[in-house]
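**Student:** This is the structure I have questions about; it appears just below.
The values are calculated or read from the model by the stated rules, or taken from the named source; none is laboratory data. Quick caveat: nothing in here was measured; it's all calculated off a predicted structure. Glycine also receives a Cβ, built like all others from the backbone with ideal geometry; neighbour counts cover every protein chain displayed. The protein model used for the area step is the full one, side chains on, heavy atoms only, and it has no ligands, DNA or RNA in it. Shrake-Rupley method; radii C 1.70, N 1.55, O 1.52, S 1.80 Å.
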Amino acid sequence: MSGRRAGYAGLFLLCLLLHALVWLKTGFIPVEGGAGFDGMYYRQYIVELAHGQWPHDPYRMMRMAGFAPAILAVRLGLPAEGIVAFQAALNAVTLAAAALAFCSAIERLTGRARTALLATGALLLSWPWAVMPVYYPLLSDHLALAASALALRAWSRGQIRLLQALAAAGVFIMPGLSLVPLALLALPPDRQPAPLQPGWRWSVFAPLALAALALLVPLHHLSDAQILHHPEGNTLGQPGLRPLSMAALVGALLCVAAAWTRILSGRTLWQRLAWRPLAAGVLLTGVALACAGLLLDWAQGFRGPSLAQNLLLQGMAAPAKPLVAHAVQFGPAFVLVLLYGCGPARWVASSRAFTPLAALLAFLPLLVLGSESRQWVCFFPLMPTLVALNGQGTRALVLLNAYGVAFIAVVLSLSRAGDIHQVGSMLWAYLVYSGPWMPQRVYLLALAATAACLAAGAWVLARRRGASGPEPRADGVTPRGPDPLA
């Protein structure tokens, strides 16, 4: 036990060291003294709330829970110019603790300390975990990542009440965060049916396909000018490629419909589904949403952009740009999610991987449409979890860590920018990782790289099919026949 505690202490310090190295090299984003584009509003609201004022901005006020320590610090005397540094340090400590929670969850689920460390490394050595929390501290991304990691730990230990509390609290951290603990509530890990048995029914696929395509009906309302000038103030959209963008969306959504047809037509989902904990979690989340509606004045102030129109514009900006943006933001782990979720069912070689696979497939329509990846950062911890729980997890995790080390080496070679008018390579990298603001030439390179990774991954998975024997179930019994998904 003492050795394990020492290991976790070392991991905690290693996480802090990683954030310190990244910050020493990158500094803070050169916008509004390190507050950033949205962060300048959060800094202002931190000061106002600390002095008893209530800002009229319901969209951002819903996310202020992530800045409660900063509000208290200002109340106790922290000057406004120290908020950014304070929040960066707090983010680093919070995510170091979250890394321990994530590592503990994976070790408990797999029984392998090495797999847990590799999965944690794949999480840490990434743009959303290693860079953004200290480069752009005044966002709620850090708390969304930490809450997702804590949810995975609670799920691995069967802590239903904690998951339900996290679902309710997610309403006040980041939109969409509540979906992660709710998905984990729905599919607890302690139910062990027979190995996965996907099915196929055209009567299931047809309505799913129609529902997926119905999401695209409003596209005819979008003009070429809207696509060209999204995001506002830019000309990054490519309306001339509108038919290809539409085809990419249709193809991706049909793949999601096909993946869910296999799940809904099989028995695994219905055998594992936990209705009562899920219903209670949904009820608590509904109460939290009702409180947000009552406590915040939605009749005035900024209420946020139109979600549906924003998603459609992001999806139509260029062919498959959302998927490319997520591959850039989350790395090869996202590519593996696409392969495991939408490829042949036999590529998922372990029944333990069902819950993160089903959860990510449930969120995939959002990821297919929306290219602003940081809005979906709460789903990121599920990606290395899926890889770790799948049959070929160890080999894949080694490759993910190699990619992560190379990524960190590149980040540490970038130069700062003195201000927004001196765009150094670090600020340029921020724009590259910001989905809708990705330059067109970078999009083309990333599209080619993503396609190559998909092809290479598919080739490797196809060659490894059947290389390993059936996997023992959690009760220690080895199935006599081959796993249908092996």
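**Student:** So, in the range 271-303, of the ones that are touching a Pro at 6+ places or on another chain (Cβ under 7 Å) and aliphatic (A, V, I, L, M), which residue ends up nearest to residue 62 (Cα to Cα)?
**Tutor:** Top of the filtered list is 296.
**Student:** Would you say residue 151 is modelled with pLDDT of 95 or more and buried (at least 24 other Cβ atoms within 10 Å of the Cβ)?
**Tutor:** So residue 151 passes the test.
**Student:** Criterion first (in contact (Cβ under 8 Å) with a residue 40 or more places away in the chain, part of a helix (DSSP H, G or I) and open to solvent by less than 70 Å² (accessible area, probe 1.4 Å)) does residue 8 satisfy it?
**Tutor:** In short, yes.
**Student:** So, in the range 193-233, of the ones that are surrounded by 13 or more Cβ atoms within 10 Å (Cβ to Cβ) and among the polar types (S, T, N, Q), which residue ends up modelled with the lowest pLDDT?
**Tutor:** 197
**Student:** Which of the residues spanning the range 249-293 are closer than 26 Å to residue 174 by Cα and hydroxyl-bearing (Ser, Thr, Tyr)?
**Tutor:** 285
**Student:** Could you run through the range 388-417 and say how many residues are within 12 Å of residue 115 (Cβ to Cβ) and hydroxyl-bearing (Ser, Thr, Tyr)?
**Tutor:** 1
**Student:** Against the condition of a type in the set (A, V, I, L, M) and open to solvent by 20 Å² or more (accessible area, probe 1.4 Å), how does residue 101 come out, does it pass? Before the answer, list the steps.
**Tutor:** Values: of a type in the set (A, V, I, L, M): yes; open to solvent by 20 Å² or more (accessible area, probe 1.4 Å): no.
Considered against the rule, which asks whether it is of a type in the set (A, V, I, L, M) and open to solvent by 20 Å² or more (accessible area, probe 1.4 Å), residue 101 comes out as no.
**Student:** Among all residue pairs at least 6 apart or on different chains, which show Cβ distances below 9 Å where the first residue, located in the range 280-295, is free of Cβ contacts under 8 Å to residues at least 12 places away in the same chain and the second is assigned to a helix (DSSP H, G or I) and of a type in the set (S, T, N, Q)?
**Tutor:** Hits for this filter: 283/164.
**Student:** Now for a separate question. If I ask for residues that are of a type in the set (Ser, Thr, Tyr) and either touching a Ser or Thr at 6+ places or on another chain (Cβ under 7 Å) or farther than 17 Å from residue 354 by Cβ (or both), which ones from the range 234-265 would you list?
**Tutor:** 235, 245
**Student:** The conditions are (1) at pLDDT below 95; (2) more than 23 Å from the chain's Cα centre (by Cα); (3) over 17 Å from residue 86 (Cα atoms); (4) assigned to a helix (DSSP H, G or I), and residue 24 fails exactly one of them. Which is it?
**Tutor:** The one condition residue 24 does not meet is (3).
**Student:** Kindly provide the set of residues from the range 290-339 that are among the polar types (S, T, N, Q), at pLDDT 90 or above and more than 14 Å from residue 449 (Cβ to Cβ), ordered by number.
**Tutor:** 314
**Student:** Determine which member of the set 146, 169 is surrounded by fewer than 24 Cβ atoms within 10 Å (Cβ to Cβ) and within 28 Å of residue 71 (Cα to Cα).
**Tutor:** Just a single option satisfies the conditions, and that option is 169.
**Student:** Pick from the range 41-56 the residues that are crowded, with 16+ Cβ neighbours inside 10 Å, in contact with a Gly (Cβ under 9 Å, 6 or more places away or on another chain) and not basic (Lys, Arg): which of them is farthest from residue 166 (Cα to Cα)?
**Tutor:** Ranking the qualifying residues of the range 41-56, first place goes to 55.
**Student:** Mind counting the residues in the range 401-417 that are of a type in the set (A, V, I, L, M), open to solvent by less than 60 Å² (accessible area, probe 1.4 Å) and touching a residue at least 24 places away in the same chain (Cβ under 8 Å)?
**Tutor:** 4
**Student:** Here's a follow-up. Only one of 135, 59 is touching a residue at least 24 places away in the same chain (Cβ under 8 Å), of a type in the set (Phe, Trp, Tyr) and crowded, with 24+ Cβ neighbours inside 10 Å. Can you tell me which? Let's see the steps before the verdict.
**Tutor:** Values: 59 fails: crowded, with 24+ Cβ neighbours inside 10 Å.
Checking each option against the conditions leaves just 135.
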